[in-house]
1. Starting with the fewest neighbours, write out B:F13, A:F58 ranked by other beta-carbon atoms found within 10 Å of each beta-carbon.
2. Suppose the Debye formula is applied to equal point scatterers at every Cα of segment B:116-272; what is log10 I(q)/I(0) at q = 0.11 Å⁻¹?
3. If each residue's Cβ is checked for other Cβ atoms within 10 Å, how do B:R180, B:R197, B:R77 rank with the fewest at the top?
4. Could you run the Karplus curve 6.51 cos²θ - 1.76 cosθ + 1.60 with θ = phi - 60° over segment A:151-157 and give me ³J(HN,Hα) per residue in whole Hz, x for Gly and Pro?
5. Report the FRET efficiency, 1/(1 + (r/R0)^6), for A:K98 and B:V48, where r is their Cβ-Cβ distance and R0 is 41 Å, rounded to 0.05.
6. State, as an integer percentage, the relative contact order of chain B based on alpha-carbon contacts under 8 Å between residues 6 or more apart.
7. Just in segment B:159-243: which chymotrypsin sites (Phe, Trp or Tyr not before Pro) are loop by DSSP and have at most 13 other Cβ atoms within 10 Å?
8. Amide H neighbours of B:I122 under 5 Å, at least 5 residues apart or on other chains, H built in the peptide plane: list them.
Amino acid sequence: MLFKRILFYFIIGSICLFIQLSIFTNNFLAIKNVMPDIMLVLIILLFQICDDFEMLIFAFITGFVIDVYSGNLAGLNAFFYCIVVALLYNFKNYLNIKTLPFYLFLVLLSLLIKLFIYYLFGYIFKEVFVIYKSTLLSYAIHILYTLFWVPFLSMIIYIKPIIELNSKKMYGK
Amino acid sequence: MNQYFLKNKFTIFFIIFIVISIISMFFTTSSFILTPKVIFGAISYPFVKAYTFVVQNTLTFFSSLKELNLLKQENVRLNEELKQLKEAKFKLELLERENKELKQMLKLKEEAPYDVLPAQIILKDPTNLYSVITINRGSNDNIKKGLAVYAIQDGEKIIVGKVIEVNFFYSKVMTVFDARSSISVKELYSNYSGIARGDAPTSNLLQVEYFPNEADIFFNDIFITAGFGGIFPPGILVGKVVDVQKQNFSLYQKITLKPLIDFSKIQYVFVILNYEITEDYTESSISE
């Protein structure tokens, strides 16, 4: 079962990284050079059905891969995703509402935290601050575009085989 | 200790990951060569390379399939276009040929000293050596029995035959090949004349009778209509000599002509309307 879950994480992580990083696809998802944060949506949605600890590792690795291949500060996305998973973990008792508006709210909240983290580390590491000096307008597009992906990904993630694969969390606890 | 670790593994790993992330960010902005980013990049490079290989080849494969399908569709379309162009070219050639023929006919019609009526051949029977053909003009167009018919072939007037049957909308023309046909002919450059008779369906040649023995006739000499009978105007090409038999004890020599008319080439003929018809012309004897 563990092997199946690892395989599941690998496959779904690879697909999302493939889309997110646009290594081979020349930013086909980009609107005005703004890409959605698909991986964040995936982490938030998967957290509802997967094991917490596994999700922490998954978030760290995928975040680090994005950092390595996207030219960001190495560790920034990993840091951010770990923070998101930790917050979800600490407030999981209050996150039992499994509806689409609630997922949208979580993603929106996470994106605002991301903005704060980006500016915080931009301030700390002044040398590369200019990289994250995006306008609020483009970040607003980024937020909207990311939210746009939530319904689609939730339809893919919450299919029966995936829920059954991770049933340990759903029914075992 | 072990139990403590298991109980708090989430928190422990979270702290480890946060520390790694911050250290990594710190190293990114410093001048270290072996930063965590470089190390992680080096470790993950083979996987990314393999991933690139698989994904790119898969994408290329599907792209090729799509292109193949498009090429097939384009090939079908181009073939269809080529077929249509060939048909159009064929039609154009036919029209060009017809136009050329009609222009030639019009020119010769204007030059003719008698009124002629152009007609289209609507039926010709090659199995019977074209001894009778049908044209699309009848009594409605003032066609009468006995009228002479000629054609334009390679820019020359060539004798076809004469009308033997007239209906309202069409007429039948007995050609020079028919055994019943006889035309007064003469050699092009001399005044010697004779009577050329058809030989169909035995052969497609004409036998010239009553041609004086003293005339010197050679192979490929041309014979034209003599115009004695009153049906055919003089000067229309009939045929060329293919055989000459001089007879010592006869006044006449036997000459065989090959008619110049080629029905496989012509589509239109001219009916001579107002050339004087001899009074001794009868239906039973349709010879000139």
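Any read-out appearing in this document is the output of simple, stated calculations on the displayed coordinates, not a laboratory observation. Treat the numbers as computed from the prediction; the structure is a model and nothing was measured. Please note: Cβ atoms are built from the backbone with ideal geometry, for glycine as well, and neighbour counts cover all protein chains shown.
1. B:F13, A:F58
2. Once normalised to I(0) and log-transformed, intensities are -0.41.
3. B:R77, B:R180, B:R197
4. x, 5, 5, 5, 5, 6, 6
5. 0.75
6. 15 percent
7. Values: sites: B:F168, B:F169, B:Y170, B:F177, B:Y189, B:Y192, B:Y210, B:F218, B:F219, B:F223, B:F228; in loops: B:F168, B:F169, B:Y170, B:F177, B:Y189, B:Y192, B:F218, B:F219, B:F228.
Passing sites in segment B:159-243 are B:F168, B:F169, B:Y189, B:F218, B:F219.
8. B:T134, B:I135, B:N136
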